[in-house]
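The values are calculated or read from the model by the stated rules, or taken from the named source; none is laboratory data. Being a predicted model, the structure only gives us computed values, none of them experimental. Here the Cβ is made from the backbone with ideal geometry for all residues, glycine too, and neighbour counts use every protein chain on show. For accessibility, only protein heavy atoms count, side chains too; no ligands or nucleic acids. Shrake-Rupley method; radii C 1.70, N 1.55, O 1.52, S 1.80 Å.
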Amino acid sequence: MYSSRKTKRRPAGAFTLKLIAYGIVFAGAVVMLLPFYFMFVFATHANADILSVPPPYWFGDHLLENLKQLMAMRPNFWKSIGWSLSIAAATTALNLFFCALAGYAFAMLDFRYRETLFGLILATLLLPSFVSMIPTILLMQQIGWINSSKALIIPGACGALGIFMMRQYISSVLPRDLVDAARMDACGEFDIFLRVVLPLIGPALGTLALITFIGSYNNFVGALLVLRDQEVYTLPLVLRSLQGTNGVTWGALSIGAAIAVLPLLALFVVYSRRLIDGLTAGAVKG
Amino acid sequence: MQPTERNRPRKRWLSKKWAPYVFVSPFFILFAIFGLFPLLFSVYVSLFRWDGVSPLSQMKWEGFGNYLYVLELEGLDFRTVFTQAFWQDVYSRDFWRSLYNTLWIGVVAGLPQHLIAIPLAVFIHTQFRRARNGILAIYFLPFITQTVAIVLVFQALFSAKFGVINSLLTGIGQWEVAGFAPFSLMFPTEPVDWARPQKTPWIVAFVVWWRYVGWNTVLYLAALQTIPKDLYEAARVDGASPWRQFVHITLPQLRPMIFFAVTLTLIGNLQLFEEPYVLTAGTGGIGQVAETSAMYMLRVAMTDGDFGTASAVAWLLFMFVALLTWMNNRVLKPKD
Amino acid sequence: MTPLSLKKIGKSYDGRNYVIRDLNLEIRAGEFMVFVGPSGCGKTTLLRMIAGLEEISEGEVAFGDSVVNELDPGERGAAMVFQSYALYPHMTVAENLGFGLKMSGVAKAERERAVNDVAKVLQIDHMLSSKPKSLSGGQRQRVAIGRAIVRNPKVFLFDEPLSNLDAALRVQMRIELARLHKQLGTTMIYVTHDQVEAMTLGQRIAVFNRGRIEQVGTPLELYERPENRFVAQFIGSPKMNVLAASGNEAGRLKIHSAGTIPVPIAQPASSAIAAIGIRPEDVVLHEAGTPDTLAASVTMIEHLGDATVLYLEIDGADQPVTAKLHGSNKQYSPGDTVGLACVDGKMHCFNAEGAAIR
Ligand SMILES: Nc1ncnc2c1ncn2[C@@H]1O[C@H](COP(=O)(O)OP(=O)(O)OP(=O)(O)O)[C@@H](O)[C@H]1O
Ligand SMILES: [Mg+2]
């Protein structure tokens, strides 16, 4: 017996079209990945190899020399990674706490002007970042936070996007009765947040942590505005300072870039699905 | 049952009435100090001549002088608006050149993002099952990568003498089958000198495209997933071809997301800074061919030490962004 | 055992429209009081005001002698069982039960003893270390009730606690709740949609309508002597037939164009009669044309086994009349014409405002 579906033939044209489309998708994927590939390849080659024609397409054996050169040029390279990571960690921790707290209030508590205040928070998302660049420099100069990590951590400790995300998540998963039950159980308002709400929003906290951490770790412009001394440079600034410096080889630059990219690359390999879903959830609903 | 002895409950430090306000206050406190106050202050500064470091008493009143200085309209011969000379004159003025550069890069990088992301998303949505997450992650990777790091790599790739990109492009261009080079028209057969100033905006646009095309694909994919399946089933029953389904169902259903994504691109590209800044090592390139408005603003503040004028640039730019966003709202926003 | 007194209670969410207005109610110590009423009439709102979850816009709520308006929910000594159970998903059953005590500062040892006691009473002691997710609906319900009991409250508040359970479990839990009330003797307030629950559980029932209490009384009082049309039709299933009455000439009432019947109550009150009410179970059917009956024709018959429900059309009335006959009755078929009357002394009379006249 032949089912009618099996015997129905596809037009040959559709098949070739499909093949071409697959080809384009994979070619695109290659374009997306090639820079990363060459970053790692160059990190293992001496300058002479990289500058030869054609350039190297496969890994070499110059990795350690490149690393040594990088360390010689920028002795504070490792420190700047630690610096970047700790600034990102602090920003993330603060954001998780403050955004969850505010998101919880907007999702679960009744108060006057709730919608207005929430609207204001969303409206700040529309402010283009460049209008605050000059004012931020001025403010940080006035209060003496130039060259201080505070200037990077504190202003971004409670992001509008994070509040939005937390509100969406909390209002979709937490029943209001739960909060009321806790109130009946003599739980204070802050205790409710700490003991009942926080333990139940783990997934959203995880996604927000990813997003904030990545944003903070990659933050170049903010650091450029307020960090002036090499001593306190974060990773992007250190890398940027290597650019055009006499005697820096492409190999050393590449290994620096590779090391800078690796932590997030690792994070992304594990959590890409979650990160992508988290970032788009707000866009689809909002 | 034994009655349990009840201790006196602790006095609440946070009443139910005030708790919500306390809970949402961190954002507003931070925004007031680090957002609103500096913004208002910069409006004030934009009316003065000030270097940003000397005491406030040294500020010199300029009125709208800073704005006029930025706009640099004097000497323009408006009777010759339709001549090339007029526009060359406009282009030679810093603010206008930076604005032109911003728009140019914005369009050249932005438009293809969406033209590619939409069909790409539709294709991934309909064709990929198991490989889908992997493909998506690959396209998304550039979005979460540190700009400085990856831009340094791009610089190496684009080098004229030894660049990988030149090798690849000429490789494809010179590729022959039976004495015939099928791609020689589309691809270069000689190495391209990417260091020439005319090429710089193209490189910037390419890198920007590379970084954000995946982000847009992901946005469109998310929107595609919300389109009800029965719409397509009904269309198939009516015998509509895939192309007609795309035009009559997919595109109209995607419209809200197109609006949202294009708005994001618009706002994002108008404040473009990182990619051109790092690609040109902070200089804007030879003849400032790739200096965007945000870079220009920062140059005025940091290099010239003229914070009044820089603030004026910021607000002129802000008005420009607001205008474009408004126009975008009028043209693209789905009516409901 | 604590009595509750609600005085001139008013509630408005927006400051203009009142959800509850000028409501007075005394609940006796140890009483099982049931709130019933149509959806949206303010039962939950009142219960939440008693609990302290909702601000009291006007009036006073007193537990015993002390006004509790200003007290936090945890300080009032009331415990609530929610329709959704509202168990903390991240805590074990034991932690769920003990959470309130913990937050009130009860020492750990004492807490554990109280939790174990309650778990034994409710037969949930074997699942103290499981999470709510792994429990069945009925078990969750028990935990929710246990969480209320363990705090040894002055008042129990239940908001439709059984509506998420299937029919069989509902009956079982109903019986258990009645037993629990007898055992604890605590004042209980119970909100429900379900008449059977109300009639079987309630020592007294308060019937709500649009933010007001229409009548408070024992189940039988409400059934036999409803004070108005609303209560009369709300209590009882199928609901009471109400027919417009006019004429009242020479001691007879004209019911639409279906005929006349003698005025069932004494003059002079009878002159105000605008409608009569007959419960379906009080309908008596005679042969068509019998004097003092109303001409009706059978339109539909439902056989329920233990009872037979007839729908009858009366000349001039737009609503059908429902009759509930005992046993399985095969005597009638659609199209039959009959004479409709009411069991002696069971007819209810209402004036034009809907108030009962006796
Ligand atoms: N938070 C609120 N804000 C505004 N109005 C509300 C709010 N909660 C309830 N209401 C209104 O108050 C009225 C009474 O609601 P309530 O929940 O007390 O009714 P109910 O008798 O419990 O109904 P049900 O039987 O459906 O549970 C309704 O009209 C409802 O719309
Ligand atoms: Mg209710």
task = Taking the options C:Ile145, C:Ile175, name whichever one is more than 16 Å from ligand 1 (Cβ to nearest atom) and either within 11 Å of chain B (Cβ to nearest Cβ) or without any contact (Cβ under 8 Å) to a residue 24 or more places away in the chain (or both).
result = C:Ile175
request  = Only residues in segment C:83-97 that are under 14 Å from C:Lys108 (Cα atoms) count as the first member; pair them with residues that are open to solvent by 50 Å² or more (accessible area, probe 1.4 Å) and more than 16 Å from ligand 2 (Cβ to nearest atom), Cβ under 7 angstrom, at least 6 apart or cross-chain, and list the lot.
outcome  = C:Ala94/C:Ser129
request  = Considering (1) open to solvent by less than 30 Å² (accessible area, probe 1.4 Å); (2) under 21 Å from A:Leu178 (Cβ atoms); (3) within 13 Å of ligand 1 (Cβ to nearest atom), say which one C:Ser84 fails and leave the rest.
outcome  = (1)
remark   = Residue count, segment C:203-231, condition within 20 Å of C:Arg21 (Cα to Cα), assigned to a loop (DSSP other than H, G, I, E, B) and open to solvent by less than 10 Å² (accessible area, probe 1.4 Å), comes to 1
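Does segment C:302-349 hold any residues that are among the aliphatic types (A, V, I, L, M) and in contact with a Ser or Thr (Cβ under 6 Å, 6 or more places away or on another chain), and which are they?
In the first step, residues of segment C:302-349 are kept if they are among the aliphatic types (A, V, I, L, M); the result is C:304, C:307, C:309-310, C:312, C:314, C:317, C:321, C:323, C:325, C:338, C:340-341, C:343, C:347.
Passing the criteria: C:Leu325, C:Leu340, C:Ala341.
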message = For the list (1) open to solvent by 10 Å² or more (accessible area, probe 1.4 Å); (2) in a helix (DSSP H, G or I), I need the number of the one condition that A:Ile192 fails.
response = (1)
note = All conditions in (1) in a loop (DSSP other than H, G, I, E, B); (2) surrounded by fewer than 21 Cβ atoms within 10 Å (Cβ to Cβ); (3) more than 16 Å from ligand 1 (Cβ to nearest atom) are true of C:Asp14 except (3)
task = With the checklist (1) within 14 Å of chain A (Cβ to nearest Cβ); (2) within 16 Å of ligand 2 (Cβ to nearest atom) in hand, flag the one item C:Val36 doesn't pass.
result = (1)
ask   = Would segment C:141-150 turn up any residue that is away from ligand 2 (no atom under 16 Å from the Cβ), open to solvent by 50 Å² or more (accessible area, probe 1.4 Å) and out of contact with any His (no Cβ under 6 Å at 6 or more places or on another chain)?
value = no
ask   = Could you count how many residues in segment C:319-331 are assigned to a loop (DSSP other than H, G, I, E, B) and modelled with pLDDT of 90 or more?
value = 1
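Quick one: which of C:Asn24, C:Asn17 is away from ligand 2 (no atom under 14 Å from the Cβ), away from chain A (no Cβ under 14 Å) and free of Cβ contacts under 8 Å to residues at least 12 places away in the same chain? Give the steps one after another, and end with the answer.
Values: C:Asn24 fails: free of Cβ contacts under 8 Å to residues at least 12 places away in the same chain.
So the residue among C:Asn24, C:Asn17 that is away from ligand 2 (no atom under 14 Å from the Cβ), away from chain A (no Cβ under 14 Å) and free of Cβ contacts under 8 Å to residues at least 12 places away in the same chain is C:Asn17.
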query = Could you give every pair whose Cβ atoms fall below 7 Å, whose first residue belongs to segment C:33-59 and is over 25 Å from C:Thr218 (Cβ atoms) and more than 7 Å from ligand 1 (Cβ to nearest atom), and whose second residue is hydroxyl-bearing (Ser, Thr, Tyr) and not in a helix (DSSP H, G or I), counting only separations of at least 6 or pairs across chains?
reply = C:Ser57/C:Ser12
request  = Within segment A:47-85, work out how many residues are closer than 30 Å to B:Ile172 by Cα, among the hydrophobic types (A, V, I, L, M, F, W, C) and within 13 Å of another protein chain (Cβ to nearest Cβ).
outcome  = 5
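On the given criteria, is C:Leu162 open to solvent by less than 50 Å² (accessible area, probe 1.4 Å), within 16 Å of ligand 2 (Cβ to nearest atom) and assigned to a loop (DSSP other than H, G, I, E, B)?
On the way: open to solvent by less than 50 Å² (accessible area, probe 1.4 Å): yes; within 16 Å of ligand 2 (Cβ to nearest atom): yes; assigned to a loop (DSSP other than H, G, I, E, B): yes.
Yes: the conditions hold for C:Leu162.
Evaluate the following for B:Gln58: is it open to solvent by 50 Å² or more (accessible area, probe 1.4 Å), farther than 25 Å from B:Val300 by Cα, free of Cβ contacts under 8 Å to residues at least 60 places away in the same chain and not aromatic (Phe, Trp, Tyr)?
Details: open to solvent by 50 Å² or more (accessible area, probe 1.4 Å): yes; farther than 25 Å from B:Val300 by Cα: no; free of Cβ contacts under 8 Å to residues at least 60 places away in the same chain: yes; not aromatic (Phe, Trp, Tyr): yes.
So B:Gln58 fails the test.
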message = Take the conditions within 14 Å of another protein chain (Cβ to nearest Cβ), of a type outside the set (Ser, Thr, Tyr) and either more than 16 Å from ligand 1 (Cβ to nearest atom) or crowded, with 23+ Cβ neighbours inside 10 Å (or both) and apply them to C:Asn69. Does it pass?
response = yes
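Given the options A:Ala157, A:Ala105, A:Ala100, name the one that is under 28 Å from C:Glu55 (Cα atoms) and within 7 Å of another protein chain (Cβ to nearest Cβ).
Details: A:Ala157 fails: under 28 Å from C:Glu55 (Cα atoms); A:Ala100 fails: within 7 Å of another protein chain (Cβ to nearest Cβ).
Going through A:Ala157, A:Ala105, A:Ala100 in turn, just one is under 28 Å from C:Glu55 (Cα atoms) and within 7 Å of another protein chain (Cβ to nearest Cβ): A:Ala105.
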ask   = Within segment C:325-346, can you find the residues that are over 14 Å from C:Ser257 (Cα atoms), of a type outside the set (Val, Ile, Thr) and buried (at least 18 other Cβ atoms within 10 Å of the Cβ)?
value = C:Leu325, C:Ala341, C:Cys342
message = Condition check: buried (at least 23 other Cβ atoms within 10 Å of the Cβ), among the hydrophobic types (A, V, I, L, M, F, W, C), under 24 Å from the mean Cα position of the chain (by Cα) and closer than 21 Å to B:Glu274 by Cβ. Does A:Leu125 satisfy that?
response = no
task = Check off (1) away from ligand 1 (no atom under 16 Å from the Cβ); (2) surrounded by fewer than 20 Cβ atoms within 10 Å (Cβ to Cβ); (3) in a loop (DSSP other than H, G, I, E, B) for C:Glu95 and give me the number that stays unchecked.
result = (3)
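Against the definition (closer than 27 Å to A:Ala257 by Cα and among the small types (Gly, Ala, Ser)), how does B:Ala310 come out, yes or no?
On the way: closer than 27 Å to A:Ala257 by Cα: no; among the small types (Gly, Ala, Ser): yes.
Considered against the rule, which asks whether it is closer than 27 Å to A:Ala257 by Cα and among the small types (Gly, Ala, Ser), B:Ala310 comes out as no.
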request  = Specify the residue that is farthest from the chain's Cα centre (by Cα); the eligible residues are those in segment C:125-175 that are modelled with pLDDT under 90 and among the acidic types (Asp, Glu).
outcome  = C:Asp125
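Condition check ((1) open to solvent by 50 Å² or more (accessible area, probe 1.4 Å); (2) touching a Pro at 6+ places or on another chain (Cβ under 9 Å); (3) under 13 Å from C:Phe350 (Cβ atoms); (4) assigned to a loop (DSSP other than H, G, I, E, B)) across all residues:
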| position | (1), (2), (3), (4) |
| --- | --- |
| C:Lys239 | yes, yes, no, yes |
| C:Leu243 | no, no, yes, no |
| C:His286 | yes, no, no, no |
| C:Met300 | yes, yes, no, no |
| C:Leu310 | no, yes, no, no |
key: Scope segment C:17-32; condition in a strand (DSSP E or B) and more than 13 Å from ligand 1 (Cβ to nearest atom); matching residues   = C:Asp22, C:Asn24, C:Leu25, C:Glu26, C:Ile27, C:Phe32
message = Quick check on segment B:273-317: of everything there that is part of a helix (DSSP H, G or I) and among the charged types (D, E, K, R), which residue is least open to solvent (accessible area, probe 1.4 Å)?
response = B:Glu275
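Taking into account only those residues within segment A:106-121 that are within 16 Å of ligand 1 (Cβ to nearest atom) and assigned to a helix (DSSP H, G or I), which is surrounded by the fewest Cβ atoms within 10 Å (Cβ to Cβ)? If you could, list the steps in order and put the result at the bottom.
Narrowing segment A:106-121 to residues within 16 Å of ligand 1 (Cβ to nearest atom): A:106-115.
From what is left, the residues that are assigned to a helix (DSSP H, G or I) are A:106-108, A:114-115.
Values: A:Phe106: 24, A:Ala107: 23, A:Met108: 21, A:Arg114: 16, A:Glu115: 9.
Filtering first and then ranking leaves A:Glu115.
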query = Looking at (1) under 22 Å from C:Val106 (Cβ atoms); (2) open to solvent by 10 Å² or more (accessible area, probe 1.4 Å); (3) within 16 Å of ligand 2 (Cβ to nearest atom), which is the one condition that is false for C:Leu157?
reply = (2)
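Considering only segment C:39-60, state which residues are within 11 Å of ligand 2 (Cβ to nearest atom) and part of a loop (DSSP other than H, G, I, E, B).
Of the residues in segment C:39-60, the ones within 11 Å of ligand 2 (Cβ to nearest atom) are C:39-48.
Passing the criteria: C:Ser39, C:Gly40, C:Cys41, C:Gly42.
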